[in-house]
Amino acid sequence: MTDRQTDPPRRLRLNAFTMNVVSHIVQGQWTRPDTRQRDYTSLQPWVELAGLLERGRFDAVFFADVVGAYDVFEGSRDAAVRNAVQFPVNDPSALIPAMALVTEHLGLAFTLSILQEHPFSFARRATTLDHLTDGRVGWNVVTSYLENAARNLGYGGLPLHDTRYDRGDEYLDVLYKLWEGSWEDDAVVDDRERGMYADPAKVHEIGHRGRYYDVVGPHLSEPSRQRTPVLFQAGSSERGREFAARHAEATFIAARNVRGARANVDDLHERLLRNGRRPEDLLVFQGLTVITAATEEEALRKEREVQEQLSDEGTFAVVSGWLGADLGAVDPDAPVGDLRTNAQEGIIKALVESAPDHTWRFKDLVKSIANQRIVGTAERVADELQEWHEDGGIDGVNLTYTTTPGSFRDFIDGVVPVLQERGIVQREYREGTFREKLFDGRVGPRLPDRHPAAQYRRGVGATVPVRRGPQADREVQAAGAAD
Ligand SMILES: Cc1cc2nc3c(=O)[nH]c(=O)nc-3n(C[C@H](O)[C@H](O)[C@H](O)COP(=O)(O)O)c2cc1C
């Protein structure tokens, strides 16, 4: 425990959590006159949001995403469609270039499921975005949880929970080989006199032959500043945490309280050490909703407004999707712990961790999810965030909105100055890529050498001895033969 006592105050990172939809997490608010959720198909509200977040010295905008409809509640998608619950949903990555154009420092993180796109084509899309943003892209790696999504993408049904993560491991290995190993650092020579743009001897096939993917390569794109976008991950089940400890630089959790966050953070730190990484290699972001105003009375009045507008049907639709359980059919008094789900196991684990001796029932879960908010003046909100930060051990917050951009503006005008005064959040951005900013210069633009992706680096960039197993040797020989 010494580390936490002696280290300079850890900085709390701030991400704006949003989605390219009408209604994201707090359901029912889209009908209000003071929110721009219904304008999601226009660029204007997004570029304005980017400017606002950079003014607030936020680390990033963080886009959630799904590729299927919520059709679990009452066995149909009707409730989700009526309430615009993450449906319709547009592609979040399409917003990134425009948001980058109007900002200089803001990180731009988007979610993409490993079920959604072949890793070879995703590799190019991510590198293209990292080029266009000059190294400010982050990717939230998820394995999906909606049956409808898997059936849209030709899987016939949602693959088993842990199998999705197995596929995710290989998906990332293919990407690491393309992003880190296919082009040597000095492959691009851009020699107009000799008429040579890149040196063919320094651009390599990857020859990946795996259980889920066969990819010859080379990567279509020349390396971007970060090569590998900042790797976020969301999913806090047993298998999800193993996945985060192996791959992620930041993980997004949904602990129910400070105690639950502490348990999750400590668990992740142990797993990191077992994976040859360090606790400081993984930043933990907690999802939180804040309602703030100049006075307690005003903040409580705003919360009552949210509560009055809250759509129970919308909430049931989204939570049923997360759980993979029809909340319209389960007994609200039934214990949640008995649920066996192929969707998000992490939600139940988070619930149990928040009060291990308590028997949680479905009605408690819905209430806890629908009502988890920090409400109050800027001082009070800052106190609570400091508790999550210092006692819960979180490194950052994924701030959920009730109205947009209002929730973010209130937080930036009210809470951020208090947190800056206390030295908890940044006043200025440092130079460099998203990775360098997020880790306060403790790492460079590229993934650190102790990250598993580094094993695929070649040529001058390869600073670590290449760890190759028999399979990799065969691949390299095959690649060598193919070159
Ligand atoms: C806080 C949080 C946010 C998530 N956001 C998304 C998302 O935007 N899109 C998505 O498909 N899955 C999302 N997931 C779920 C992941 O897809 C996850 O890999 C999968 O559901 C399994 O989760 P588990 O490891 O918690 O069981 C999220 C999970 C958590 C905990």
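The values are calculated or read from the model by the stated rules, or taken from the named source; none is laboratory data. Quantities reported herein were computed from a predicted structural model and do not represent experimental measurements. Every residue, glycine as well, gets a Cβ built from its backbone with ideal geometry; the counts of neighbours run over all protein chains shown. Areas reflect the complete protein model, heavy atoms only, side chains present, ligands, DNA and RNA absent. Shrake-Rupley method; radii C 1.70, N 1.55, O 1.52, S 1.80 Å.
What number of residues in the range 331-351 are more than 20 Å from residue 252 (Cα to Cα), in contact with a Ser or Thr (Cβ under 9 Å, 6 or more places away or on another chain) and open to solvent by 30 Å² or more (accessible area, probe 1.4 Å)? Matching residues across the range 331-351 total 2. The single condition from (1) more than 15 Å from the ligand (Cβ to nearest atom); (2) touching a residue at least 60 places away in the same chain (Cβ under 8 Å); (3) among the β-branched types (Val, Ile, Thr); (4) in a helix (DSSP H, G or I) that residue 366 fails is (2).
From the list 150, 109, 187, the lone residue that is open to solvent by less than 10 Å² (accessible area, probe 1.4 Å), among the aliphatic types (A, V, I, L, M), more than 19 Å from the chain's Cα centre (by Cα) and within 15 Å of the ligand (Cβ to nearest atom) is 150.
So that you can scan it fast, the table gives a plain yes or no per residue for (1) at pLDDT 95 or above; (2) hydrophobic (A, V, I, L, M, F, W, C); (3) open to solvent by less than 10 Å² (accessible area, probe 1.4 Å); (4) farther than 26 Å from residue 370 by Cα:
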| residue | (1), (2), (3), (4) |
| --- | --- |
| 33 | yes, no, no, no |
| 42 | yes, no, no, yes |
| 56 | yes, no, yes, yes |
| 63 | yes, yes, yes, no |
| 91 | yes, no, no, no |
| 103 | yes, no, no, yes |
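Close contacts from the range 326-345, counting a first residue that is within 18 Å of residue 75 (Cβ to Cβ) and a second that is aromatic (Phe, Trp, Tyr) and assigned to a loop (DSSP other than H, G, I, E, B), with Cβ to Cβ under 9 Å and a gap of 6+ residues or different chains, come to 341/145; 342/145; 343/145. List every residue pair whose Cβ atoms sit under 7 Å apart, with the two residues 6 or more apart in sequence or on different chains, where the first one lies in the range 425-448 and is under 14 Å from residue 13 (Cα atoms) and the second, anywhere, is in a helix (DSSP H, G or I). Here the result reads 425/416; 425/419; 427/420; 429/437; 430/436; 430/437, each pair linking the range 425-448 to a residue that is in a helix (DSSP H, G or I). Selection within the range 267-277: residues that are of a type in the set (D, E, K, R) and open to solvent by 50 Å² or more (accessible area, probe 1.4 Å). The member of this set that is nearest to residue 251 (Cα to Cα) is 270.
Counting only helices (runs of 4 or more DSSP H) that sit wholly inside the range 106-200, those with at least 2 residues that are polar (S, T, N, Q) are 119-132, 147-152. One residue stands out among those in the range 116-140 that are within 16 Å of the ligand (Cβ to nearest atom) and over 16 Å from the mean Cα position of the chain (by Cα): the one that is surrounded by the most Cβ atoms within 10 Å (Cβ to Cβ), which is 122. Taking residue 211, is it modelled with pLDDT under 95 and either open to solvent by 10 Å² or more (accessible area, probe 1.4 Å) or more than 16 Å from the ligand (Cβ to nearest atom) (or both)? Criteria not met by residue 211. One residue is enough: does the range 85-94 have a residue meeting the conditions over 21 Å from residue 342 (Cα atoms) and small (Gly, Ala, Ser)? Among the residues of the range 85-94, at least one is over 21 Å from residue 342 (Cα atoms) and small (Gly, Ala, Ser), which makes the answer yes. For the range 198-218, filtered to residues that are among the hydrophobic types (A, V, I, L, M, F, W, C) and in contact with a His (Cβ under 9 Å, 6 or more places away or on another chain), the residue that is nearest to residue 119 (Cα to Cα) is 215. Residues in the range 352-368 that are touching a helix residue (DSSP H, G or I) at 6+ places or on another chain (Cβ under 6 Å) and among the hydrophobic types (A, V, I, L, M, F, W, C) were compared, and the one that is surrounded by the most Cβ atoms within 10 Å (Cβ to Cβ) is 365.
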